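Notes follow the structure.
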Amino acid sequence: MSEEIGQFEQRKREHLALALDERHQAIQSGQFDAIVLEHDALPAFNLSEVRLDQSCLGRSLKTPFFVPGMTAGHADAVALNQVLAEACASRGWVLGVGSQRRQLNQKDAVDQWSQLREKNPSLVLLSNLGITQLADASIESIFSLVESLDSQALVVHFNALQEALQPEGTPNFKGSLEALKELSAALKSRGTALVLKETGCGFSEKTLFRLVDQLGDGISAVDVSGLGGTHWGRIEGSRAGHMTQEISETFANWGVSTVASVRNAVSVKKQSGLSFEIWASGGVRTGLDAAKLISIGADRVGFAKPALVAAMQGRQALHQWMEKIEKELQIAAFCSGNITMQQLGGKK
């Protein structure tokens, strides 16, 4: 194994371990308490009649949930992704994989993905690549990431703060919007969805307007991934130490909250007249949190750290946790008088 590959794998392992550390969570900034679902003391239906099904990128799924891309690029990720994939496939959740950056230059990294798809043929899978990699990668090489997973969409993640603080970071965003526009057109011509995702710092209206102005209907979904959960600025500060750690403490609460980001996306979607899906992740911890986000306009809700913690405890623990989340959402809908997710979101 080359030194470069070894350093890459070590970084990914460090990311995984540090993401579990509560010091790197920005839960107090999530603003979920600002949303209150009104209690309905007399629902007109039975709890068992509440339906969680929701469409996703043109497909109907049993739940409105997804697990965002978290881990890839090292050997330990293979087994973990298999556990997540099996559970997501059986329960109707969507699964994103971690960054496939390494795969652009190391072809043997493809092997794990073929097994993931073969064992879970019905699973909605999302490929993943950082926006700073777009400028140096060809369209064909990027599309090969999608092909290796037979995925339904490519997620392009934005992580400006993380890149700025990461010792090995590449905070080179100049020209990234132009590269994204070219990629969007290519994906659209091939019938592959494009999902734009932040990584814990959320989206402002200003940024979203820039994106929809340039990409238009090339955007299939936006995962706001707002401030409120794992904070990658804190993680990279812990990895780097010294002055970078002090700087990361300055930016420990940097970002747009998940709640504010969803509202920004709803506003931009309405004003632009586009029909992209709004996905909400970032500090979501319960089915009630999910219900709140759906009530303000989210179409799909993602759980990262809680899913990771459950998956690391094994298949049974993961299924039990997922069942709990689904039940919490069902009860929240029932007790607020909503029989479907569409009704909960104020849609007919």
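The values are calculated or read from the model by the stated rules, or taken from the named source; none is laboratory data. It should be emphasised that the depicted structure is a prediction, and the values quoted were computed from it without experimental measurement. Cβ atoms come from the backbone with ideal geometry, glycine included; neighbour counts cover every protein chain shown. Note: accessible area is taken over every heavy atom of the protein model, side chains too, but ligands, DNA and RNA are not part of it. Shrake-Rupley method; radii C 1.70, N 1.55, O 1.52, S 1.80 Å.
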Log entry: pair-distance distribution for the stretch 278-348, C-alpha pairs binned every 10 Å from zero, whole % per bin is 22, 49, 25, 5
Rounded to the nearest 10 Å², the 1.4 Å probe accessible area of S257 is 10 Å²
Using alpha carbon centers only, the stretch 171-239 is separated from the stretch 312-348 by a whole-angstrom value of 27 Å
About its Cα centre, the chain carries a charge dipole, from +1 on Lys and Arg Cβ atoms and -1 on Asp and Glu Cβ atoms, whose size in debye to the nearest 20 is 660 debye
Under the Karplus relation with 6.51, -1.76 and 1.60 and θ = phi - 60°, whole-Hz ³J(HN,Hα) for the stretch 205-217, x at Gly and Pro, equal 4, 4, 5, 5, 5, 4, 5, 5, 5, 8, 9, x, 6
Whole-Hz Karplus couplings 3J(HN,Hα) for the stretch 48-64, θ = phi - 60° and coefficients 6.51, -1.76, 1.60, Gly and Pro as x, run 5, 8, 5, 9, 9, 4, 7, 6, 9, 6, x, 10, 8, 10, 6, 9, x
Between V94 and residues 5 or more places away or on another chain, the pairs with built amide H atoms under 5 Å apart involve F65, F66, V67
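With both bridge residues required to lie in the chain, what share of the DSSP beta bridges run antiparallel, to the nearest 5%?
Restricted to the chain, the bridges split so that about 15 percent are antiparallel.
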The answer for the per residue Cα convex hull volume of the chain, in Å³, is 128 Å³
Of the listed links K188/K305; K206/K327; K305/K347; K181/K305; K324/K347, those spanning more than 28 angstrom between alpha carbons are K188/K305; K206/K327; K305/K347; K181/K305
Whole-Hz Karplus couplings 3J(HN,Hα) for the stretch 223-230, θ = phi - 60° and coefficients 6.51, -1.76, 1.60, Gly and Pro as x, run 9, 5, 5, x, 5, x, x, 4
With the charge dipole of the chain built from beta-carbon charges (+1 for Lys and Arg, -1 for Asp and Glu) about the Cα centre, the Cα from Q54, T286, S114 projecting farthest to the positive end belongs to Q54
If one builds a Gaussian network model of the chain from Cα atoms under 10 Å apart, the most fluctuating residue listed among A87, A44, A240 is A44
Summing -39500 (n - 2.57) over every DSSP H run of at least 4 in the chain, dividing by its residue total and rounding to the nearest 500, the 222 nm mean residue ellipticity is -14000 deg cm²/dmol
Per the rule of 0.36 nm per residue minus the C-alpha distance, extending Q245 to V309 adds in nm 20.5 nm
If one builds a Gaussian network model of the chain from Cα atoms under 10 Å apart, the most fluctuating residue listed among H231, H319, H242 is H242
